[in-house]
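Colleague: One structure, pasted below without further comment.
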Amino acid sequence: MAKDMNLTAQVIYEKEFHVDLKGYAPGEVDEFLDQVIEDYQNYDEKIEELGSALTRYEAKIKELQQQVFALQTENQNLQEQKKSDFINANSDQVDILKRIARLEKAVFNQ
């Protein structure tokens with residue numbers, strides 16, 4: 001941003017105008033003030049540009065946070081589904097083992 005500016009605070013502070021018979025030379029003061037005005041215009045444009053960028057980035061952050069929340073919710077649902085499927089698979093195996101045990105008992109105990 002400093003490269004866009006013609007003047008620095010130090011240059012403005014140290015600026016000295018030559019005095020003629022009626023005071024400061026009006027042309028020199030006008031030229032300096034034109035540079036100050038140009039810098040302030042550039043500064044205002046840069047501030048507006050950065051403000052717009054900030055607004056865009058804040059909107060993008062909000063969008064990404066919503067996506068993160070949706071993905072976390074989906075992940076949690078998938079984890080619960082996985083846990084439920086594991087429990088169901090285990091209970092199915094237990095049922096099969098119980099059936100086999102009953103069949104073995106019926107076949108070998110007779």
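Colleague: Using the structure shown, decide if residue 69 is assigned to a helix (DSSP H, G or I) and surrounded by 10 or more Cβ atoms within 10 Å (Cβ to Cβ).
Modeller: yes
Colleague: For the range 21-57, give me each residue that is farther than 19 Å from residue 6 by Cβ and among the aliphatic types (A, V, I, L, M).
Modeller: Correct list: 21, 25, 50, 53, 54.
Colleague: Taking the options 49, 16, 63, name whichever one is open to solvent by less than 100 Å² (accessible area, probe 1.4 Å), among the acidic types (Asp, Glu) and free of Cβ contacts under 8 Å to residues at least 24 places away in the same chain.
Modeller: 63
Colleague: Moving on. Which one of these is in a helix (DSSP H, G or I), open to solvent by less than 80 Å² (accessible area, probe 1.4 Å) and free of Cβ contacts under 8 Å to residues at least 40 places away in the same chain: 85, 34, 30?
Modeller: Result of the check over 85, 34, 30: 85.
The values are calculated or read from the model by the stated rules, or taken from the named source; none is laboratory data. Bear in mind the structure is a predicted one, so any value in this text is a computation, not a measurement. As a convention, Cβ positions derive from the backbone with ideal geometry for all residues, glycine included, and neighbour counts pool all protein chains shown. SASA here: full protein model, heavy atoms, side chains in, ligands and nucleic acids out. Shrake-Rupley method; radii C 1.70, N 1.55, O 1.52, S 1.80 Å.
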